[in-house]
Amino acid sequence: VGPYVLLRKIGEGAMGEVYYAYDEQNQRHVAVKILAKHLQENAALVERFIREANLASRLSHPNLVRGYGTGFDEKRQARFFAMEFVDGISAQQYLDEHGRFAIEDALHVILDVAHALEYAHAHNIIHRDIKPENILITRSGVAKLTDLGLSKQIDQSSTLTDLRQGFGTPYYMPYEQAMNARDADARSDIFALGATLYHMLTGRVPFDGKNHVEILEKKEQGLYTPAHIVNSEIPEDLSAILDRMLARRPEDRFQ
């Protein structure tokens, strides 16, 4: 597809398929995401796809998955996005296999992601979809944040936020983002980072529920079990940091 030789499929999701591929021109292996054909006519999803590609190509940080460009293959009628290939697994895959992370490992991963967010925020970009599934961990233990498809540039408007009030992943996004995605700022990412760390440390999400409404009600009230009560190995100091990250009001979180 385009200039890339597809070698094998390595992933599949609602947006399309991801392939392990070879870039002959630059002599490197890459990951190529191909947008599902039935989504090609959905303007909002195409915008999300292109947004992810453009932002990933613009940002350069060791803890962000680097983008190499996007294009449209006329012959295959396929929109594609090439990015850095990460030889490893996602934090979600690790949770699925092991239940939870060792405390030291969880902190190592989250600090890597925090460095990526610090860089993105300095470039006026809010991620808005931090979750274990979007954290890739290399074989050498480096964590890389991926999927900028729902990101927001503070200095730009987007038709994406006009389509529905809130988006992201219900378990991890804060209350203000669930009510209106335009209200998300850097502190919203801090909440999602805290919810992700809580899950990694305890093996469960802080705010659970049978549906989106139940989860939202708990977030509105700020009701969850402190991490050190769920997992007695977690130091109370660390649990207190999580409490501040998961504060209901953005002004009560780390700024």
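Within region 214-235, count every residue that is out of contact with any helix residue (DSSP H, G or I) (no Cβ under 9 Å at 6 or more places or on another chain) and within 23 Å of A106 (Cα to Cα).
1
Within the group A56, A91, A82, which residue is touching a residue at least 12 places away in the same chain (Cβ under 8 Å), open to solvent by less than 10 Å² (accessible area, probe 1.4 Å), farther than 20 Å from A143 by Cβ and within 19 Å of the chain's Cα centre (by Cα)?
A82 is the lone residue from the list that is touching a residue at least 12 places away in the same chain (Cβ under 8 Å), open to solvent by less than 10 Å² (accessible area, probe 1.4 Å), farther than 20 Å from A143 by Cβ and within 19 Å of the chain's Cα centre (by Cα).
Which numbered condition trips up A227, out of (1) within 21 Å of the chain's Cα centre (by Cα); (2) at pLDDT 95 or above; (3) small (G, A, S)?
Evaluating A227 over (1) within 21 Å of the chain's Cα centre (by Cα); (2) at pLDDT 95 or above; (3) small (G, A, S) leaves (1) as the failure.
Condition first: closer than 18 Å to L238 by Cα, at pLDDT 95 or above, part of a loop (DSSP other than H, G, I, E, B) and open to solvent by 20 Å² or more (accessible area, probe 1.4 Å). Can you find one or more residues in region 102-124 that meet it?
Yes.
Within region 14-53, which residues are within 18 Å of F85 (Cβ to Cβ) and of a type in the set (F, W, Y)?
Correct list: Y19, Y20, Y22.
Can you pull out the residues in region 196-243 that are crowded, with 19+ Cβ neighbours inside 10 Å, touching a residue at least 60 places away in the same chain (Cβ under 8 Å) and assigned to a helix (DSSP H, G or I)?
Of everything in region 196-243, those that are crowded, with 19+ Cβ neighbours inside 10 Å, touching a residue at least 60 places away in the same chain (Cβ under 8 Å) and assigned to a helix (DSSP H, G or I) turn out to be T196, L197, H199, M200, L201, T202.
Among the residues of region 129-147 satisfying the criterion of being in a loop (DSSP other than H, G, I, E, B) and small (G, A, S), which is nearest to A181 (Cα to Cα)?
Among those that are in a loop (DSSP other than H, G, I, E, B) and small (G, A, S), it is G141.
The values are calculated or read from the model by the stated rules, or taken from the named source; none is laboratory data. Being a predicted model, the structure only gives us computed values, none of them experimental. We place every Cβ from the backbone using ideal geometry, glycine too, and count neighbours over all the protein chains shown. To get the accessible areas, we keep the full protein, side chains included, count just its heavy atoms, and leave off ligands, DNA and RNA. Shrake-Rupley method; radii C 1.70, N 1.55, O 1.52, S 1.80 Å.
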